[in-house]
Amino acid sequence: MNKSFLSLILAVAGWAVFHFGLFPIFTPAEPGMLINRYVYFLLFCFYLIIVNVGMKLKPAMALRALYVWMLGFYFYDHILSPHVPWTLFITYMMLWTIGTFLYISQDPVTFREFRAPIVKTIIGEYKLARIVAFSVLPVLVGWATYQSIYPSFAEPVELRTVHPAPPASTKVHGKTYMLEKISNPFRIDEQDNYKDSFPFLDADKQEYMKFVTEGGTIFFQNCHYCHGDQLNGLGMFAHAFNPTPANFIDPGTIAMLQESFLFWRVSKGGPGLPNESTPWSSAMPPWEEHLTTDEIWKVILFEYWYTGWHPRTFDDESAVGE
Amino acid sequence: MINKMKTGKKLIFLLALMVSFLLVGTASAGIPDPVKQDLLEKGKKVYFKRCVWCHGVEGGGDGPSADRLFTRPRNFIPGTFKIRVTDSGQLPTDNDLIKTVKNGLPGSAMPAWGEFLKEDEIQAVVQFVKSLVQDRDFNDEEDEEVELMEFGSNPWGTTGPYHLGIPQEAIDAGKEIFTKNKCFECHGGEGRGDGNPTMKDDWGFPILAADWQQCWNFRGSRRNHFDPFNVVRTISTGLNGTPMPNFREKITVEDRWKLAAFVNSLCPRKKIDKLTSKPIPDFLISSVYTEGDIVEKIDDPMWQSSDNDPLIIARSEEKAANPRRNYIALAGQITRGKRNFDPKVDNLWVSSRWNKDKGVYYLVEYHLRFLSSDAGFPDAVAIQWPAKLQDLFGAEKPYFIMGDSKKPVDVWRASFMPKDYNSTNAPKEEGYQLDVTVDEFNGRGFDALEPKETEPTVKVVDSIFHQGRVKILFHRALTTDGEMDVQIPPEQFIPISFFQWAGDDKEKDEHMAISTWYYTILEPPLPDSLYYMPPIMAVVFVGLQGWLVWMTKRTRKMYADGKVKRDDLPF
């Protein structure tokens, strides 16, 4: 019994040293082959084994089971990174608990050994343990009941379609455009030829860069408040809106859309969205109210040039079929 | 005063030299980091792709976006940089500029570039920015000098993100230093930046003192918003180009930390979104069920709650049951009609109580440095509801800017003018009473507002403007007779949003600040089962324990009596 107690003290003290002393060292900003959290965890496991085997402590079975279970808990809660969602965490811990019981009941001897202190507590051979356990547990049950009855409210979760299906045609400034037919009138050349050209500097020399500069000017007078100076959807007003503004750097936005889709979204804004895209809370203005058709196309040209993405295009002919 | 420094530079230089002889060991003097010519070509490429849009072709702070921004982009030409570790009026170090580019300037349009540009790009663009400075010369070893200020170190060893645990004595001592040095003359009596409406920067543009209760907007906070070091640096170096001087002669380094502790103690501890450097909004406004009377006085203990997130700083015993103050983010209304690119208010704090007899109360508070004195443009704040809550299906809501043709909104607006007020008045301890008028209207679009013709139902029961903070307490019954009034059901999630107009900024109609849709819920009273179920469960469990003991003992007895044979495994 005394040796078990010594084992427990060594385990707790060892954990404290590892967790508060070594863990920060093993989790630098850029982990290496040896200095990483998993190596740290292995070291801690080795520590436990070496201390208990090396000092021949032979802790009680119940204590050993506790070590095994806690190691699992520590691993899933602290070591495994990024942390798994809590539903998955509970599933893992249930499996780990079953595993711990397998370890306990590997043969009848270990099982009885595990059971012995529990039985002794129940029948009162360990007097103090019985008093503590039998008075604390009902209080815990009462507290858990209180917690589960106490009403709590979380804001409702709302899902929305980010890129809804576009209409076949849209009417902007009195003119009807078939979205499948139109292309950007200012895309007069291959975008990649202007990777190393610069707005303002080359605007006089290259017509394409003149359009990009004009588009950028409009962007930085109107759009950056939400979509950000970096076009990453983190403008100075972005945090106030929900849904948050689109991030054009992300491969899931303008990189997978056609320019005509952008033309429709920019012209019609939030109010032009279908219901599944929550038009009532989108802060995107119907830009036809503020910009001319040409200005809208130039902004679109700029957004692709700045991010380096290429707009999706229609294939001339279907690849399958015949 | 700082931009005159060029002519008197020699004098300053001599003075600085003398001071540095006097204060050997407190500061180190040297020459500015020269411009690294080999990086200019690369830096120019970065600048003309990323920076030119705000800072302009020649670095004059006059890019296309400049006129619609408040704070305006920096004009690099005079070499005036705010966030430095060097003495007032001096050029910054390379490291100062690199940190500014990496972390951005919260509260302004300057974003953090640290995660966007590569390290070598940032190094290069900083050199290019230095080459845009015309009035000063980073390479001038004779006339330019930089003296790195001595900041000491955090005497309490507190750590981020919230820097809690600074002793109250230090904070109180800081408050005395605040009073002694008259910081309130610009920053206001409670630090909301409401001291002086007439300040100008070196270029003659109007400039406002920092609001210490919104430290996430401190330009030099380097995304570590609650760190007192940021304040120590500003007190030690001043902010070049602004009326903020340094206090290196007036306040010792030790006292600067205490003052910083006081300044930072005013800033509510909220969880800050790392990406936007703003507090994360509280999207659910829970209205607390209140038994009996709800006091219609803002300064009643019933309405006192701290702005701190109770999960970060636990609430005191007597305030534990008070409603939480919810942080509501506002932005300029830049979507429809006349757009507001530079709103004066970017957040509201809302708390609420209700019961069936008294109805529902919403306390709306916000920081505003100066109120309007022009009756044609009164200050105003409004709560927006769906007018026909019962007709909405699922997550459906009216358009968040004053509704739409199919789904109207119900708006409660309080417009107010302060009594006996002039924005240049000295801070007034007891605050200003407000002349409030409430109007209710329905919106079917920002350009289709209809004042209600039914009897008014919404009242503002108390209001005050105190040390740069407006507080308005709205009241209404849960249900009304009005066809176009929102009928507020308990225990349901109800969309709610807010508008705010700053009269001082001539804001009117759709030229306003706006929030997105939030939710509010009238929380039900605590169920009675909360009081009897836990003991019942505990007693039942005690019974179970007794049964377990009895069973185990019985088994033991059966072994002892030989009625049941035990297996003979070794143990």
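What follows draws every value from the coordinates through simple rules; no lab data is involved. Given the structure is predicted, the values throughout are model-derived calculations rather than measurements. Glycine also receives a Cβ, built like all others from the backbone with ideal geometry; neighbour counts cover every protein chain displayed.
Each residue in region B:455-512 was checked for being part of a strand (DSSP E or B) and within 28 Å of B:ASP300 (Cβ to Cβ), and 23 of them qualify.
All but one of (1) surrounded by fewer than 22 Cβ atoms within 10 Å (Cβ to Cβ); (2) touching a residue at least 60 places away in the same chain (Cβ under 8 Å); (3) not basic (Lys, Arg) hold for B:ALA124, so report the exception by its number. All conditions pass for B:ALA124, except number (1). Within region A:196-220, the only residue that satisfies the criterion of being without any contact (Cβ under 8 Å) to a residue 60 or more places away in the chain, buried (at least 21 other Cβ atoms within 10 Å of the Cβ) and in contact with a Lys or Arg (Cβ under 8 Å, 6 or more places away or on another chain) is A:PRO199.
Among the residues that make up region B:265-282, is at least one of them touching a helix residue (DSSP H, G or I) at 6+ places or on another chain (Cβ under 6 Å), more than 12 Å from every other protein chain (Cβ to nearest Cβ) and not in a loop (DSSP other than H, G, I, E, B)? Looking through region B:265-282, at least one residue is touching a helix residue (DSSP H, G or I) at 6+ places or on another chain (Cβ under 6 Å), more than 12 Å from every other protein chain (Cβ to nearest Cβ) and not in a loop (DSSP other than H, G, I, E, B).
Quick check: anything in region B:543-550 assigned to a loop (DSSP other than H, G, I, E, B), more than 8 Å from every other protein chain (Cβ to nearest Cβ) and within 54 Å of the chain's Cα centre (by Cα)? No: zero hits.
Screening B:PHE70, B:PHE76 for residues that are within 11 Å of chain A (Cβ to nearest Cβ), closer than 25 Å to B:THR242 by Cβ and part of a loop (DSSP other than H, G, I, E, B) leaves exactly one candidate, B:PHE70. Take the conditions farther than 21 Å from A:LEU6 by Cβ and touching a residue at least 40 places away in the same chain (Cβ under 8 Å) and apply them to A:ILE98. Does it pass? For A:ILE98, the condition - farther than 21 Å from A:LEU6 by Cβ and touching a residue at least 40 places away in the same chain (Cβ under 8 Å) - is not met. If the condition is being closer than 18 Å to B:SER286 by Cα, touching a helix residue (DSSP H, G or I) at 6+ places or on another chain (Cβ under 8 Å) and touching a residue at least 60 places away in the same chain (Cβ under 8 Å), then region B:320-350 contributes only B:ALA329. Of the residues B:GLY241, B:GLY204, B:GLY195, which single one is crowded, with 23+ Cβ neighbours inside 10 Å and more than 15 Å from the chain's Cα centre (by Cα)? After ruling out the rest, the residue left standing is B:GLY195. Each residue in region A:199-234 was checked for being farther than 14 Å from A:LEU301 by Cα, facing chain B (nearest Cβ under 8 Å) and not in a helix (DSSP H, G or I), and 7 of them qualify. When the criteria are applied in full, A:PHE248 fails the requirement of being surrounded by fewer than 21 Cβ atoms within 10 Å (Cβ to Cβ), more than 8 Å from chain B (Cβ to nearest Cβ) and touching a residue at least 24 places away in the same chain (Cβ under 8 Å). Of the helices (runs of 4 or more DSSP H) lying entirely inside region B:79-180, the ones with 1 or more residues being more than 28 Å from B:VAL263 (Cβ to Cβ) and of a type in the set (S, T, N, Q) are found at B:119-132. If the condition is being β-branched (Val, Ile, Thr) and closer than 30 Å to B:GLY445 by Cα, then region B:408-434 contributes B:VAL409, B:VAL411. Within region A:178-198, being among the small types (Gly, Ala, Ser), more than 10 Å from chain B (Cβ to nearest Cβ) and over 24 Å from A:PRO285 (Cα atoms) holds for no residue.
Scan region A:25-71 residue by residue and report those that are outside any helix (DSSP H, G or I) and either within 17 Å of A:ILE9 (Cα to Cα) or of a type outside the set (A, V, I, L, M) (or both). Result: A:THR27, A:PRO28, A:GLU30, A:PRO31, A:GLY32, A:ASN36, A:MET55, A:LYS56, A:LEU57, A:LYS58, A:PRO59, A:ALA60.
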